[in-house]
Each structure stands twice: as structure tokens, then as C-alpha cells.
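Have a look at the structure below before the remarks.
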Amino acid sequence: MSPLLSLILIPLVTAAFCMAGAAPRRISLFGAGANLLLSLYLLASYNLEIGGFQFVSENALFPAYGISFSLGADGLSMVMLLLATLVTFAAVWVTPQVEKSPGMFYACLLFISAGAIGAFASIDLFFFYAFHELALIPTFLLIGIWGSGERQRIAWKVTIYLAFGSFILLLGLIGLWLAVPEGLRTLDIRLLQQLGYAGILAPGPVVYLLLLFGFGILIALFPFHTWAPEAYASAPAPAAMLHAGVLKKFGLYGLLRLAVPIFPEEIQQFANLLLVLLLGNILYVGFVTLAQKRLDLMLGYSSVMHMGYAFLGFVALNQLGLGGMSLMLFAHGLTVAALFALCGEISRRTGTLEFSQLGGMAGLTPKLGLLVGFAAMASLGLPGFATFASEIMIFFGAFARGAVGGFNWFQTCTALALWGVVISAVYMLRAYRNIFWGARGSAVKDDTEDLGCDVRWAVILLIAVLLLTGFRPGLLLDYLNPVFAALN
């Protein structure tokens with residue numbers, strides 16, 4: 001059996017046991033841990049000298065249409081698979097006692113994980129799309145059944161937005177398939193990339209825009225971003241960890257997989273449009289984030305804001321910018337997962353996430369305060385964390401792209417995007433002060449408990465990996481950079 005198929009099957013089989021009622025928390029943690037160890041083994045087994053797609057398995061299903069259940073992983077896929085298994089393990093670990101249908105709750109988490117892993121491991125365009133759609137269904141269920149606030153309204157809003165984005169994406173993928181010359185028609189992503197780099201495949205600007213906005217809606221590209229903050233604020237913390245930390249990266253991963261090798265001219269042609277939109281993510285959404293009065297909404301808008309940096313690396317279209325973008329997918333995934341896990345713990349202890357009702361928690365919950373501090377520093381890009389390394393690469397890559405012909409609109413937009421770092425520091429440090437320092441808020445009681453072992457060690461795991469890859473980004477860049485070597 002293909003080891004990549006095992007990565008997909010383990011959470012699916014584990015989910016089946018959970019639905020059967022067999023100690024769902026224990027078996028989910030065991031399955032997620034086994035998958036994490038398997039992904040680390042595959043990462044260590046990947047041959048960097050050979051590069052390219054490895055661990056390949058192919059099973060033709062509909063040869064006439066070029067549909068094959070094909071799995072394979074290159075350096076980018078390996079890093080994304082590590083991200084998915086890490087966040088899944090942490091999300092299961094931090095899940096508190098579930099009162100309503102715990103087996104179904106854990107099964108939904110594992111279905112999201114299996115869908116994301118399947119999308120990252122698929123080298124067939126059909127299953128690349130299908131696995132992502134599989135992961136969206138349990139996302140809606142987690143919000144609609146186990147969410148908080150106006151959970152049903154928000155679940156429907158998320159459904160409408162993401163279904164619309166998926167439909168546009170599907171049109172783009174069909175257009176891409178139809179653009180392949182008749183004798184070469186295939187859904188194999190490897191072959192599509194080769195045809196794109198060779199200049200044989202040229203679908204044109206309409207297909208590129210369909211893919212850009214299809215993926216963009218799934219990523220929460222401005223102005224199609226309003227679904228994301230409400231979804232993350234309403235979703236249970238483990239669901240927010242998995243969607244914001246892993247599943248939302250599918251769109252950016254898809255742009256790296258398809259748009260970069262096949263649409264380089266279109267990316268340059270519509271660069272100014274994307275620069276304006278990503279500035280909307282960074283500056284407009286950044287100022288909206290500053291105005292938030294609840295921690296969960298602030299983190300939701302912050303996640304949307306940081307996607308603007310990733311788009312900046314994408315539109316730079318050079319190895320430095322794309323390498324930084326790829327590293328940011330990993331770093332942001334771990335950071336936002338840690339923040340939502342801790343956000344959930346604050347809500348459980350105080351019953352609120354309103355800044356006006358919080359304050360003075362540092363003395364009562366020093367471990368919680370310390371870990372929130374580390375996660376906040378990672379989010380705002382403090383040196384030493386992987387987020388800093390990724391942002392530096394993106395900004396330098398964008399300036400290098402704009403340097404052609406002197407200081408121009410591209411560099412102007414990059415300079416404006418730099419202000420996002422300042423905005424991030426302001427809202428994150430202010431939130432930390434409002435929660436942990438100053439006078440004790442009305443929702444903070446004398447018997448407020450500090451973090452337990454489960455949540456503490458799960459978050460420490462995420463932060464430790466952020467620090468390790470921050471001090472040694474080459475650990476991941478050795479896998480990521482060869483993917484974009486053709487752009488040199």
C-alpha cells in the first residue's frame with residue numbers, strides 16, 4: 001500500500017471507529033499521532049537529491065477522461081502534509097469534553113484532516129478538487145451543530161460563499177482541462193506543469209481569472225473575505241484550528257501548483273489587480289482587525305489579513321517570493337492553530353472573549369499567559385519564528401520583482417504592505433494587554449484555572465516547531481526551493 005494512501009486512510013478508519021462509539025477521544029488521539037509519525041517518516045525518507053514527486057502510486061479509473069487515483073508528493077506537498085498532520089494532532093489533543101455526540105465531533109475533525117491530506121497528496125486534478133470538497137462538509141457540520149452564537153446562520157453563509165468559490169474553481173479546472181491539446185489531454189498535475197513550463201499549454205486569461213477568484217474565495221481574498229472571521233469565531237476551537245490552519249491553505253497551494261507553472265504571463269498581466277486586492281487584505285482588513293472588541297473575531301480577521309502577505313509572495317513570481325509564500329503557509333498554519341486553541345481555553349475559563357470583560361489574568365493563569373505571548377509574537381512576525389523568515393523572504397522577493405525598471409507601482413504596493421507588520425503589532429499587543437494585564441475584568445474570577453497538561457503540551461508542540469523552523473528555515477526550504485527552481 002502507498003504510504004500516502006495510508007496517510008488518507010488512517011483518519012478515515014479512525015473516524016469510523018469514533019462513529020461506532022469506541023472511546024472517540026482516545027482512538028482519535030492515537031490515529032492522529034500515528035499519522036503525524038508517518039508524515040515525519042515520509043519527510044525523512046524523501047530524497048532531496050532526486051527531488052520531484054516521490055512515493056507515487058497510480059490507479060487508472062476512467063482512462064478515456066484521464067482520471068486516475070494518483071498520489072505523489074514533492075517538497076511542497078511534504079511540507080503541507082506535515083502541517084496537516086501536526087495541526088490535526090494538536091486539534092484532537094486540545095479538544096475538551098464534548099457533551100453532544102462526541103463520536104461524530106471527532107469524526108468530523110478527522111474527515112477534515114483526511115480531505116486536506118488527500119488534496120495535498122493528489123496528483124490528479126479530479127481528486128485534488130474532490131478531496132477538498134469532502135473536507136468542507138464536516139466543516140459546515142461542526143459550525144452548525146457544535147458552534148456558538150448564530151451558528152446556523154453562519155454555517156449557511158460559509159456554505160454559500162465556499163460553494164460559490166468551489167463552483168468558480170470547478171469552471172476554471174474544466175477550462176484548464178479543455179485547453180490541453182487533444183492528443184495530450186490529461187488531469188495529471190505533473191504533466192500539466194510540464195506542458196505549462198514548455199509553453200505548450202496556454203489556456204488564456206479567462207481560465208486564470210476563474211482559478212484566481214475560485215481559489216481566492218476559498219482563501220478569503222478581499223473583498224470575498226467576510227465569511228472567514230465569523231466562521232472561525234463561531235466554530236469550536238479545534239474546527240477553527242483545522243480550517244484556518246490547514247484547509248484554507250488549499251487555495252494558495254492550488255495557485256502554486258497550477259497558476260505558477262501554467263499562467264506566468266497572466267500573473268504578470270493581472271499583477272496590478274492582485275496587488276490592489278492583497279492591499280485590501282493587509283490594510284483594510286488590518287484596520288478592521290484593529291476595531292474588533294472580541295478576541296475570536298480579532299483572530300479571524302487577523303488570519304484573513306495575513307493571507308495578503310501570501311498573495312504578495314505569489315504575485316512576485318520569483319523563487320524568493322514563492323519560497324517565502326510556501327514557508328508562510330506552514331508558519332501561519334501553526335500560528336493560527338495555536339492562537340485558536342488558546343482562544344478556546346480563555347473562553348472556557350471566563351465564558352467570554354470580550355476585551356472589556358477580561359483583564360488581569362496573568363497572575364491567575366501564568367502558563368496560559370506565557371503561551372499566548374509566544375503565539376502572539378509568532379503571529380506578528382518576531383525574529384526567531386518561522387513567520388518572520390517567511391515574511392522577510394516575501395518582502396525581499398517582492399522588492400526584487402519591482403526593482404526591474406526602478407521604483408515603481410509594484411514596489412510602492414510592497415512598501416504599503418509593510419505597514420501591515422505595524423498594524424499586526426498594534427492589535428496583537430493591545431489584545432494581550434487587555435486580557436492579561438491591568439485591572440481584573442468582570443469575567444475573571446479568583447478560581448480561574450490555568451492551562452491543563454493536554455492543551456499546554458499541544459500548544460508547546462506547535463510553538464516549538466515554529467521556533468525550530470524559525471531559527472533553521474532551511475529545514476523546510478530545502479524541500480520548498482527546488483519546487484520553484486525553474487523560475488531562476
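Only one of these is in contact with a Lys or Arg (Cβ under 9 Å, 6 or more places away or on another chain), within 30 Å of residue 95 (Cα to Cα) and either exposed (fewer than 14 other Cβ atoms within 10 Å of the Cβ) or aliphatic (A, V, I, L, M) (or both): 160, 189, 145, 154. Name it. Spell out how you get there, then give the answer.
Values: 160 fails: in contact with a Lys or Arg (Cβ under 9 Å, 6 or more places away or on another chain); 189 fails: within 30 Å of residue 95 (Cα to Cα); 154 fails: in contact with a Lys or Arg (Cβ under 9 Å, 6 or more places away or on another chain).
Result of the check over 160, 189, 145, 154: 145.
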Checklist outcome for this item: Out of (1) at pLDDT below 85; (2) in contact with a Leu (Cβ under 6 Å, 6 or more places away or on another chain), the one residue 398 does not meet is (1)
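If you take the residues in the stretch 117-142 that are of a type in the set (Gly, Ala, Ser) and in a helix (DSSP H, G or I), which one is surrounded by the fewest Cβ atoms within 10 Å (Cβ to Cβ)?
So, considering only residues that are of a type in the set (Gly, Ala, Ser) and in a helix (DSSP H, G or I), the one surrounded by the fewest Cβ atoms within 10 Å (Cβ to Cβ) is 130.
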Next on the checklist: I need the full set of residues from the stretch 168-200 which are closer than 20 Å to residue 256 by Cα, of a type in the set (Gly, Ala, Ser) and outside any loop (DSSP other than H, G, I, E, B), in order please.
Outcome noted: 172, 175, 179, 196, 198
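Within the stretch 238-258, is there a residue that is among the small types (Gly, Ala, Ser), part of a loop (DSSP other than H, G, I, E, B) and under 29 Å from residue 359 (Cβ atoms)? Steps first, please.
Going residue by residue through the stretch 238-258, those that are among the small types (Gly, Ala, Ser) are 239-240, 244-245, 251, 254.
Next, only the ones that are part of a loop (DSSP other than H, G, I, E, B) stay: none.
No: zero hits.
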Checklist entry - Which ones in the stretch 441-473 are of a type outside the set (Gly, Ala, Ser), assigned to a loop (DSSP other than H, G, I, E, B) and surrounded by fewer than 17 Cβ atoms within 10 Å (Cβ to Cβ)? => result 445, 446, 447, 449, 450, 472
Checklist entry - Is it fair to say residue 165 is closer than 26 Å to residue 136 by Cβ, of a type in the set (Gly, Ala, Ser) and in a helix (DSSP H, G or I)? => result yes
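I need the full set of residues from the stretch 350-374 which are small (Gly, Ala, Ser) and either over 10 Å from residue 436 (Cβ atoms) or crowded, with 22+ Cβ neighbours inside 10 Å (or both), in order please.
The first filter runs over the stretch 350-374 and keeps only residues small (Gly, Ala, Ser), leaving 351, 356, 359-360, 362-363, 369, 373.
Those that are small (Gly, Ala, Ser) and either over 10 Å from residue 436 (Cβ atoms) or crowded, with 22+ Cβ neighbours inside 10 Å (or both): 351, 356.
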Next on the checklist: Where the second residue is at pLDDT 80 or above and the first is assigned to a loop (DSSP other than H, G, I, E, B) and lies in the stretch 390-407, which pairs have Cβ atoms under 8 Å and are six or more apart or on separate chains?
Outcome noted: 403/411
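Filter the stretch 70-100 down to the residues that are more than 30 Å from residue 482 (Cα to Cα) and in a helix (DSSP H, G or I) and list them by number. Before the answer, list the steps.
So the first thing to find is which residues in the stretch 70-100 are more than 30 Å from residue 482 (Cα to Cα), and the list is 91-100.
Within the stretch 70-100, 91, 92, 93, 94 qualify.
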Checklist entry - Looking at 347, 326, which is the one that is part of a helix (DSSP H, G or I), touching a Leu at 6+ places or on another chain (Cβ under 7 Å) and over 20 Å from residue 432 (Cβ atoms)? => result 326
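The values are calculated or read from the model by the stated rules, or taken from the named source; none is laboratory data. Note that the structure is a prediction, hence the values are computed from the model and not measured. Glycine gets a Cβ as well: all are built from the backbone with ideal geometry, and neighbour counts include every protein chain shown.
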